[in-house]
Amino acid sequence: MAQFDLRNVDRRVIFTLIFVAVAWPLIQPMRLPMDVTPPVQQLYDSVEAVPPGSIVMLAGDYSPDTMPELQPMVVAFVRHAFRRDLRIVTTSLWADSPPLIEAAMTPLAEEFGKSYGTDFVNLGYMAGGTVTLLGMGASIPNTFPQDYHQTPVRDIPLMREVENFDDIALVMNISSGTPGTREWVQQVQSRYRVRLASGTTAVAAPPFYPYVQSGQLVGLLGGLKGAAEYEGLVGATGDATRGMDAQSIVHALIVFFILLGNVVYLMERRARPTGAARPARAPEVSP
Amino acid sequence: MTWLHDFVLGAPGTTPAVVWGYWVAAVLTLAVYSFLYKDNPLYRFAESVFVGVGAAYWLALLYHNTLVPKLFVPLFPPEGEPMLWYRIFPGILAVFMLLRFFPKLSWLSRWSLGFIVGMYAGVNTTGFAQGDFVAQLHATMTTPLTEGGGLSIALNVAAILGVIATLVYFFFSKEHRGALGGIARVGICFLMVAFGASFGYTVMGRVSLLIGRMTFLLRDWLHLMH
């Protein structure tokens with residue numbers, strides 16, 4: 001009878017276990033407990049502190065490949081803002097963001113009875129990256145002369161109240177790369193002292209935590225976990241909350257694999273005679 | 001039977017175009033994941049489709065979002081609107097970039113590159129100085145060591161020690177021996193913690209993407225999530 005060798009586990013076994021660990025909690029939710037971390041609480045409190053009727057900006061700088069992490073943040077932020085009667089201006093430095101933002105905002109606008117042009121406006125994409133940010137500091141209508149639907153921005157009622165960042169109570173940047181949160185901090189927050197918050201992919205989040213500590217960001221959502229925490233504070237279960245059970249189970253499984261790998265390695269080293277050469281690795285299975 | 005109907009034809013109220021979209025996306029997702037078993041023609045087909053569609057999508061997106069509104073419309077405006085003649089200069093620089101394909105004229109592309117490098121260096125240098133260097137230095141220097149509870153003070157002290165020890169690790173003008181070597185070793189520990197946190201977040205991000213795809217397959221396509 002063939003023995004199961006822990007030193008040469010076929011990686012497809014691991015893939016299968018990861019698949020089950022993701023699929024099962026999605027089909028049968030477990031509602032594992034989750035704490036709210038300070039950066040997320042700070043973001044929630046910052047939005048709560050904005051007076052009703054104020055204008056906030058949602059700057060979406062992301063693409064479809066990061067939607068699982070970032071779209072729940074957009075939905076939760078828009079829900080939070082609409083619930084507090086805040087008006088929203090959205091912009092984008094990424095060409096593929098505007099339709100994603102539109103997809104998130106349209107159903108929520110219907111749910112809250114908000115009208116395009118008076119309660120929210122989508123200014124769409126503008127090329128230029130950091131240069132566009134500097135232009136917005138001087139004049140947002142001049143930088144975005146037309147909205148996403150090709151309407152002249154000066155003809156939109158909400159935009160008659162917006163000239164530059166002085167008229168924006170808070171900017172929420174949803175970022176998955178460059179240009180993104182770092183550029184918003186460097187070019188906008190540091191120059192115009194805008195109250196800036198950020199939601200980023202988990203991969204991008206660690207370098208931005210010092211910005212929270214220094215006060216340059218008033219809050220930060222890091223990856224699916226940050227989105228789920230924010231959904232919890234806003235009081236609306238969404239895709240992020242639903243995904244957190246799977247995330248926790250997979251993390252536990254990965255930790256188990258890491259521990260198992262190290263235990264097997266130590267056992268193998270202890271069993272090896274002193275001075276013996278390390279046995280050659282088994283050939284890897286494609287891929 | 002209801003499940004089978006939803007799976008094949010979509011949930012009530014779903015248009016055929018959306019159902020087709022779900023099926024195409026699901027088949028392509030499974031084709032890509034089939035690589036985890038082993039390389040196969042289905043995976044290569046999905047990969048080629050992605051590359052081709054992605055290139056075409058970006059070409060169309062950039063043409064309609066950048067070239068048309070930023071160059072063509074300002075140079076050939078509708079009746080009654082002024083012509084922004086100065087937009088011809090970035091247009092010329094854009095043409096220069098394409099001259100890289102012609103060896104005799106490729107030197108002209110350096111003008112465009114020089115413009116881009118110079119402009120971005122200027123903008124980003126001031127931005128980095130204001131947004132990162134000065135602001136982070138200021139925040140570190142003014143970290144309160146007496147405010148808040150015991151844990152808060154301990155974390156602030158750790159942050160300051162971490163900055164100093166890590167800077168010492170990157171100080172290469174003196175050999176890392178004795179006290180300097182000890183502090184540099186502490187700096188390495190802080191760096192390892194930072195790398196570990198970064199790796200942990202990366203794992204979380206990759207798992208999140210898998211969750212996103214699985215949510216699509218199980219909810220939108222298979223209707224197994226409620």
Output wanted: per-residue J couplings in Hz (rounded whole) for the range A:228-244, from phi through Karplus 6.51 cos²θ - 1.76 cosθ + 1.60, θ = phi - 60°, x for Gly and Pro.
5, 4, 5, 4, x, 5, 6, x, 9, 5, x, 4, 5, 4, 5, x, 5
Filtered trypsin sites (Lys or Arg not before Pro), the range B:1-110: DSSP coil and at most 13 other beta carbons within 10 Å:
B:Lys38, B:Lys104
Using the Karplus equation 6.51 cos²θ - 1.76 cosθ + 1.60 (θ = phi - 60°), what ³J(HN,Hα) coupling, rounded to whole Hz, does each residue of the range A:249-260 give in order, writing x for Gly and Pro?
5, 5, 4, 4, 5, 5, 4, 4, 4, 4, 5, 4
For A:Arg269 and A:Asp65, what does the FRET efficiency come to when R0 = 35 Å and r is the distance between their Cβ atoms, rounded to the nearest 0.05?
0.30
Check A:Leu58: other-chain or 5+ apart residues with amide H under 5 Å from its amide H, H built from backbone geometry?
A:Val89, A:Thr90, A:Thr91, A:Met172
If contacts are Cα pairs under 8 angstrom and at least 6 residues apart, what is the relative contact order of chain A in percent?
24 percent
Where the centre of each part is set by its Cα atoms, how far does the range A:223-242 sit from the range B:97-172, in angstrom?
32 Å
Chymotrypsin sites (Phe, Trp or Tyr not before Pro) in the range A:1-85 lying in a DSSP loop, each with at most 16 other Cβ atoms within 10 Å of its Cβ, come to A:Phe4
Chymotrypsin sites (Phe, Trp or Tyr not before Pro) within the range B:170-226: which are DSSP loop residues with at most 15 other Cβ atoms inside 10 Å?
B:Phe170, B:Phe171, B:Phe172
Find out how many positive minus negative residues lie around B:Lys70, taking Lys and Arg as positive, Asp and Glu as negative, among other residues whose Cβ is under 15 Å from that of B:Lys70.
0
Note, the range A:48-60: 3J(HN,Hα) by Karplus (6.51, -1.76, 1.60, θ = phi - 60°), whole Hz, Gly/Pro = x, goes 4, 7, 6, x, x, x, 5, 9, 10, 10, 10, 9, x
Please identify, among B:Thr126, B:Thr215, B:Thr166, the residue showing maximal mean-square fluctuation in a Gaussian network model of chain B using a 10 angstrom Cα cutoff.
B:Thr126
Taking amide H positions as placed in the peptide plane 1.01 Å from N, state which residues far from A:Asp147 in sequence (5 or more) or on other chains have amide H under 5 Å from it.
A:Val153
What's the center-to-center distance, using Cα atoms, between the range B:20-79 and the range A:29-46 in Å?
36 Å
Estimate the FRET efficiency between A:Arg154 and B:Arg87 by the formula 1/(1 + (r/R0)^6), using the beta-carbon distance for r and 22 Å for R0, to the nearest 0.05.
0.60
Work out the FRET efficiency for A:Phe112 and A:Arg193 from their Cβ-Cβ distance, taking R0 = 25 Å, and round it to the nearest 0.05.
0.25
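Kindly state, as a whole number, the per residue volume in cubic angstrom of the convex hull around the alpha carbon atoms of chain B.
Convex hull of Cα atoms, per residue: 353 Å³.
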Amide H of A:Leu220: which non-local residues (sequence gap of 5 or more, or other chain) have their own amide H closer than 5 Å, using H built in the peptide plane?
A:Val40, A:Leu43, A:Ser198
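No lab work stands behind these numbers, since they all come straight from the coordinates. Computed from a predicted model, the values in this text were never measured in an experiment. No Cβ is skipped: glycine too gets one built from the backbone with ideal geometry, and neighbour counts run over all protein chains shown.
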